[in-house]
Every structure is written in structure tokens, then in C-alpha cells.
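Quick note: the coordinates plus some simple rules give every number you see, no bench work behind them. For clarity, every value in this text was computed on a predicted model and none was experimentally measured. No Cβ is skipped: glycine too gets one built from the backbone with ideal geometry, and neighbour counts run over all protein chains shown.
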Amino acid sequence: MTTATAVPTISTFPGLDAWATGALERAGKANEPAWAVEQRRAAAGTARALGFPARDHELWRRIDFRTLEQAFGALDPFREGPVTRNLDDLPGALLERLGSETGRVGLVIQRNAGAVVEQTAPELAKQGVIVCSLDHALARHGDKLRERLGSLITPDYDGYAALGAALRSGGAFVYVPDGVEAALPIRLFDWIDGAGVLAAPRTVIVLGKGARATVVHEQLSDTTEGIAFHLGGTELFLGEDSKLVYGTLQEWGRHVYHYSNQRAQVARGAELQWIQTILGGRMVKTNSYYNLVGPGAQAFVHGFMFGDQRQQFHLHTLQRHLADHCTSDLLIKGCLKDRARSIYQGLIQVAEGAQRTDAYQANRNLLLSDTARADSIPGLEILANDVRCTHGATIGTVDPEQVYYLMARGLPRAEAQRLIVEGFFAPVIDRIPLEGIRDHLRQVIQWKLG
Amino acid sequence: MSTAEPKLDLREGYTEKYGFHDEDGFVFKSRRGLDREIVAQISDMKGEPAWMRDYRLKALEIFEKKPMPSWGPDLSAIDFQNIFYYVKPTSEEAKSWEDVPADMKRTFDKLGIPEAEQKFLSGVGAQYDSEVVYHKIQEKLEKQGVLFLSCDQGLKEHEALFKQYFGTVIPSTDNKFAALNSSVWSGGSFIYVPKGVHVDVPLQAYFRINTRDMGQFERTLIIVDEGAFVHYVEGCTAPTYSSDSLHSAVVEIIVKPGARCRYTTIQNWSNNVYNLVTKRAVAYRDATMEWVDGNLGSKITQKYPSVYMMEPGAHGEILSIAFAGKGQHQDAGGKVIHCAPNTSSKIISKSISKDGGRAGYRGLVKVQKGAVDSRSTVNCDALILDEISRSDTYPYMEIEEDRVSIGHEATVSKIGDEQIFYLQSRGINKEEAAAMIVSGFIEPIVKELPMEYAVEMNRLIQLQMEGSVG
């Protein structure tokens, strides 16, 4: 029902041909390997055939990207970031986030349609860990990407996925060799300057057999007038018995439309911990698929979103149990105020023969105003019998008894509500690997509550 | 659980018990296919007022315009032009059982209808192909003003009342199959329960398809006036043919303030019937609507009974059991729409799939703006009895209000080895143990059925469980 299906064309992407040609020229200049250039060419053809997703498509009928679609012609998919000689040339907000850790991390910073900073800390380089921009990775480590890039996010998924593959601009590549535990955390950033930008970065993370790593991927920008579009893609490959902690923290300015596809392939005995927070952007749509392909693979997904004003968030998740003895546990929490709207659309699929599956899916929603709206659509498709699959969803408001309890102890109402909301998010925030980010998120929640 | 055991057909015994058919004995049968001429012909045969004829023709246009649903089970095999849309079995509806034509009487005797009427029921209707052939209601109720007629009689005898409500709950534009029913509807029940009248014992209708390649499109309209109560029960069976039949009913229910209506369905169509039904109730202030929906038969069932809670204090309840065996796809579920403050609803769904069957729950909980302090809980449990069967759960929740409490829980599992072991260690054999566990699984819903149906349901489940656990 909600798996990859080609959606019928309603209208084509304006200016696609010129963009596609521009992207091929750019790829030529960057010395992309022939197979990657061919991928772009084929994807452009698919994008032409598919066009914008149809309004009545199951994954598109609850969120309206028309404002973006109408402004599409004015977007620039090739805008480079300003020249960056050192970190001081980066926007203040980004530097602040990076804090004092600059020397002690693997780092890739993407600005608009290209990477501006890439550094592998000496500790990581010594271990053979690769942290670099995807463009450099294509030139230098093409063999590691050839079978992987575009294998989990195929262009025929929908028109945007095809467009993103054709216009691919920047992104990051992380590679941790067999048996290596990355000595330092790896941080990836996406930044967008102002309106009119169309950024289509692709991130590929590969963990070898028994490897371990922590990667934090942050997306942020200032807020300006107009419209910008982040069309992202992330492909994660977890080798046997590896473990990846991956955090994606999205805090775009309010002019950014966000559509991204995220895919993880988890092999035998490997473990994925994925923490996802969605706070910014005007309209945000993500499709996250977790493919458990080897026996005993595990995926733990924790996410939260907090919408205010007229923000709209649409999360689609798919826990795909393709082998036996796998575990997946997903918890998505949403909090909405003002006229914000969230849609959670999740599915657990258990393939035939995927016995001894343990799958859990929960979506909890807290509505803070009577004009906010939350839709929750958790689903199960089970084709094996020796399984334990449960899902739950709740939608409610702040419990007046809890507010009363706190107020009876002298807390003002607003403070009581803040405590309750913070408590609501605590189970997710506690899982975020870096202390600085946890503090920052608590501040954002407080600021959002007003 | 070993799979080496030979598998029994889930629906074994159906052919002997229900799958027989009578020789064709109709007095009129429209030609195959659907067009304006056929629809006009049906209307003429029934001698309907002009407004109904226009309504039907309009609905036909809507049907032709609407695309097939793009979601849910695969309906592409339905050939709308190969179906007989109207088969009139007798020239007149019988007032007493003796007047029912002999072969039909035999059929309903076999199905135990007259017996049930005497023992358990306040009234009985029996539909055979396109028309209701028998209708009877207790005199006591008739005197209290309770109407229990075929829908066609309802239109004839109580046109004003009929016209006031017909098509108001489910307009013909609602969906493709509602449009189809609106254009070719025939038979079904028309029930009116006056203010304050409690019909203590259920009214029952029995639906039977006999003719091959036949489409049955009954239409039911139930109006429960203020403070009244009625329990309506319907059952359905059909002969086992190699070609497919289509059953596409529309059921509209109006539950006025303080009233309560319970609608129980035991759907046991043969495995060659497409069962695509639209059922909807509106419940007003402090009214209660309850759907008890058992789906055992058919090839594909798509049925999501719904309750629109229009005024404060309204309550909706949906209890659904789906049992899918070999070649069956039960896409069952329910919808509750909270349109007013202080409304509450509860959905309980139990589905069992076996022998490659596919059973599912598809539901919607919607809280509209302003429906503050609404409460809704949804519980879906699924049992998968072997490795080749499938279970789906698609609950939709659309909430536009903050002061609400909405919960949904679903589980999918198999019969626990420990449970079987526990029972076996007490001297119960494996098969019996499995049947007991399944009976326990569906018990919360079976106990809501009228006694004779509960017995029948348990018997069916037991029969279907035989030899299933190795």
C-alpha cells in the first residue's frame, strides 16, 4: 500500500532539461566516474516521466507542496556556498552549534549545493575512517560507492527522488572499515543561505563488519522571505555485527521546504540506533525505511517533532523485516501548538519466512492548542506467523491533573506545561549522543513553547 | 507447529450446508450488464415514483464516472457487464410462510429461518436474489407502530417518511459502489421504530443469492426515533458457483436522540461472492449505535461500518470479527467520526487468518473541529494460524481538536506454544486446545451475539479449526 510505486504524472518539473544538462556539466568538471554520470542521466529521464507526485497518492494526499511546486521555476539547484577559507567564514549559528569541538570531530559541512568544509581528524584517519564530501568520495573512493549510491533510494520511487538523483549536489561520505570503532564522533551539517536554493545532497554511510560509529547530522539555516528546497537522501549500510548511532536533527528556517528519503540496510547481527528530531522548516516530509536484511538485525528508532505556527510535518516510516529473528522498535513523539499539523504514517512489514520477528511501533501525540491537528496512521502487514508485532498510537492534550499537581506546588501554569512537554520528549532527547545537542534541544523546546 | 499436517479447507462443510442452489425459478431476469435501459426497466418493474427513477439514473451516471478504488483488495476481476442486476424471484411478497413458493421455502427451511422466527425473533424478512419474498412482524409491535418492511414496500407505503431519509446518510456520490447500489437497489429492509418503543427481541433479515452471476443490491434504511431501541440481525449465504457474484449493499441508519440501535451481521457468503458494502449510521444526542460485524464468508469483503456522532453524548461502538481462509481476503474494519463534543467510541477488531487467507483491519477515527472531550479507543488483535497467511492493520487517526483522548493498540501473534502446552498437559488434545484458544480470542465479540448466533459462530470456528494444528 505505501511501498515504492511509481506515481502518475500530474505535471512535469519546469526547467528540468536545462537543470539536468547543468548537473551533467558540473559532474564532468568534478571528474565524477562514468557510472555516476550515467546514473544522473537515467534519473533525469525518470524524473521527466514521473513529474511531481500526484495529489491523490497515498503518501502525498495529506500534505500540500503546491506552494513549492509553483515556485519551482525560480529555484537554483547550482548555487555554491560562499568561499570558505577557514571555519570563521561559516555562519555564526553554525559555528555556535559546532562549539569547541571543531578539532575533535570528523566534519563535513555542506552549504547550499556543495560541500565547503571537510576534515577527517588525525585520530580517525589513522584508523582508516573516511569522512569526506560525496563529490570527493566519488573521485577517490568510487569503488566503495558504485554498488551503494542509489541502491536503496531508487529514482523510480517518486518524481522527487528521481530529480534528487539527477541534480545531486554535494553530500557526505562516511566509511568505517571492518572491526574499527571510530575514535571520534562524526558530524555532518547542511546549511542553506536564503531563498531560491535547491539543495540535493546525498549522504552515504558505510560500516564494515563489526565496525562502530556515531554520526550526527544537523540541518539548519536562518529564516528569510521566499522559498528554499532541501531535497535530501541518506543511505546507510550496516555490515554484519556493526553498530551505528545516527542522529538527524532538523532545524531549518521557516522558508525551507524539506523532502528527504532515508534508507538503512542492516545486515546480520547489526544494530542501528536512529534518533530523529524535526523542529524547523515550513513543510517537512520524510520517508524513512529500515530494511532488516540479515537474521538478528536490530533497528531502534526514536524521533520527535514539535510544530508551531503553520508548520506541517509528515513522517512516513517503514520497518521492513526481511529476515528472521530481527527486532525493530520505533517511537515517534509529536507535540503541536498553534495551527501546526503532523501526519505520522508508519508501517511494519513482515515478509514471508521472517519468523521470530519482534516489532514495535508507537506514535504519541500531544496537542497544545485546539487549532493544531495530528493524524496518525500506524499499519501492520504481516506475512509470517511466529511473530510478535504491536503498535500503538495516542493523541491527547496535556493532562489537566498533571498541570494541577504542579500548580498546587507553586509552579505557574506555563512553567507546569513546559515541564510536562519536556518530560514528554525526555525519552527521545536522552538518547541523543552529544550533551551539547541535548542542551540545545531543551532550549529550542522551551523557546518554542514561548 | 508442524506444517506437514494435511490442511483442511477452512470453509469445509459450506457446500453441503449452504452451497446448494435451486433450479432457476425467477419470474423476471434482466439481461446481463448495466445501462440506462436496465436501470429504467428495474424502476418500471417496481412501479416507482418518478423521483426515484431519476435518482437511480443520476446515480448510474455517478457510478460510470467514478474510478475503481485505487486502494485495498484487487477488484479488477469484477466484470460489471457480465452481471444480472435484477432477478425477480416471485411476483409478490408473501404475507404468510405458506405462500412462499415451495423451492424457496425449502431453501429457507434448510437455513432454519421459520424456526428461528418462532423461537427467537420479533420479525423476519427473507430476500431471495433481488426481492424480499417474505416479511413478517409480531402483531404486538405492529400495533405499537413499528414498521418492518422490505425497502420497496417502505417506498410504496410510506413514501414521505422514506423520502425524508433515503440517501441522506449515504449519498450516491459517496463511493463507486454506493452509486452502483443507488442505481440498481432492490429489496433490503425498511424499519421505523416510533418514539420510546423498545423492540426487545431482534428483527432479522436473511439474504440469499441463488442465481449464477447475480448481483444483489439490497438497500436498508433504519430510523430509530427518540428513546427507542431496536436490534436488527442479518445473515447471508449463497450457492457455491465457479463464477463470481457481486453483493453490494447500502445500509443507512438514523439514531435519534436517546435512542439505541444495534446492527448485527453474520456474513457467510460462499467463496465466490465479492462483498462490497457501505454501512453508515448517524447518532444524535445521547444516542448509541452499535455495529456487530462478523465476516466469515465471501471471496473479497470490503466493509467498514461507520458511526457519525452528530450531537453531544452520542456513542458509537464497532465490534468486528474477520475470519479469512483459503482464497479469502477480508478487508474489514470500521469508522467513527466525532462531530460533536463529549462523544465517545470504541472499536474492537479480532481477525484470524488461516490457509493462506488474508484478514485485516482498516479503520478511521476522526475528531472534527469543535468535538472537544471526545474519547475513542481502538483495539485490534490478529491471530495468524500458519506460515502462509497474512494479516494487515491500517488504522487511520485524524484529530483536529486538542481536548481529546484517543488510543489505538494492535497486536499480531500466533497461538502461543505455552498455551497449547498448558492445555495439553491437562489432557486436552492439540486440536481442541487450539480451538479453545481461538474461541477465547473471539469471545469478547461472540458474547455480544444473539444466543443462537453465538452458538453457530463457535461451531463454525470449531469446524474450521479441525486438523489445523500439527
Exercise. Once phi is turned into ³J(HN,Hα) by the Karplus curve 6.51 cos²θ - 1.76 cosθ + 1.60 with θ = phi - 60°, what whole-Hz value does each residue of segment A:132-143 show in order, with x for glycine and proline?
Worked result: 7, 6, 5, 4, 5, 4, 4, 6, 9, 10, x, 5
Seminar exercise, completed: So, over other residues within a Cβ distance under 10 Å of residue A:306, counting Lys, Arg +1 and Asp, Glu -1, the net charge is +2
Exercise. What net charge do the residues around residue B:35 carry, taking every other residue with its C-beta under 15 Å from that of residue B:35, with Lys and Arg at +1 and Asp and Glu at -1?
Worked result: +2
Exercise. On full extension of the chain, what length is gained from residue B:436 through residue B:369, given 0.36 nm per residue of separation minus the C-alpha to C-alpha distance?
Worked result: 19.6 nm
Problem set entry | For residue A:346, distant residues with modelled amide H under 5 Å away | A:317, A:377, A:379
For this session: Enumerate the calculated ³J(HN,Hα) couplings along segment A:232-237 in order (Karplus 6.51 cos²θ - 1.76 cosθ + 1.60, θ = phi - 60°), each rounded to whole Hz, writing x wherever the residue is Gly or Pro.
Result: x, x, 10, 10, 10, 10
Problem set entry | Amide proton proximity set for residue B:398, modelled H, under 5 Å, gap of 5+ | A:376, B:365, B:366, B:367
Exercise. What helices does chain A have that are whole DSSP H segments, at least 15 Å long along their own axis by Cα, and with mean Kyte-Doolittle hydropathy of 0.0 or more?
Worked result: A:413-429
Problem set entry | Out-of-range pairs (alpha-carbon distance over 22 Å; input B:299/B:430; B:156/B:335; B:66/B:279; B:176/B:326) | B:299/B:430; B:156/B:335; B:176/B:326
Exercise. Which trypsin sites (Lys or Arg not before Pro) from segment A:300-375 combine a DSSP loop assignment with at most 14 other Cβ atoms within 10 Å?
Worked result: A:310
Seminar exercise, completed: Mean projected area, convex hull of alpha-carbon positions in segment A:309-450, reported to one decimal in nm², is 9.8
Exercise. Can you pull the mean other chain C-beta count within 10 Å for peptide B:67-74?
Worked result: 1
For this session: Run the quick spin-label model on residue A:430 and residue B:27: label points 7 Å from Cα toward the beta carbon, then report their separation in nm to one decimal.
Result: 7.6
Problem set entry | For segment A:398-450, radius of gyration divided by Kirkwood radius, i.e. Rg to Rh on alpha-carbons | 1.04
Exercise. Based solely on its DSSP helices, what 222 nm [θ] is calculated for chain A when runs of n ≥ 4 H residues each add -39,500 (n - 2.57) and the sum is averaged over all residues, nearest 500 deg cm²/dmol?
Worked result: -7000 deg cm²/dmol
Exercise. Semi-axes, largest first, in whole Å: what does sqrt of 5 times each Cα gyration tensor eigenvalue give for the protein assembly as shown?
Worked result: 56, 29, 28
Exercise. Membrane-span-like helices in chain B: DSSP H runs reaching 18 Å or more (Cα, own axis), mean Kyte hydropathy at least -1.0?
Worked result: B:50-65, B:430-446, B:451-465
Exercise. So what is Rg over Rh here for segment A:16-293, counting just Cα atoms and using Kirkwood for Rh?
Worked result: 0.94
Exercise. In sequence order, what are the phi-derived ³J(HN,Hα) couplings for segment A:241-248 according to the Karplus relation 6.51 cos²θ - 1.76 cosθ + 1.60 with θ = phi - 60°, rounded to whole Hz, with x for glycine and proline?
Worked result: 6, 8, 9, 10, 9, 10, x, 10
Problem set entry | Length released on extending from residue A:38 to residue A:405, taking residue separation times 0.36 nm less the Cα-Cα span | 125.8 nm
Exercise. If you rank B:289, B:309, B:52 by fewest surrounding Cβ atoms within 10 Å, what's the result?
Worked result: B:52, B:289, B:309
Exercise. In peptide A:368-378, how many Cβ atoms from other protein chains are near each Cβ within 10 Å, on average?
Worked result: 6
For this session: Pull up the DSSP beta bridges for the protein assembly as shown and report the antiparallel fraction as a percent, rounded to 5.
Result: 10
Seminar exercise, completed: Most packed first (mean Cβ within 10 Å per residue), the peptides B:16-22, A:274-280 order as A:274-280, B:16-22
Seminar exercise, completed: For residue A:247, the residues 5 or more places away or on another chain with a placed amide H closer than 5 Å to its own amide H are A:215, A:216, A:217, A:275
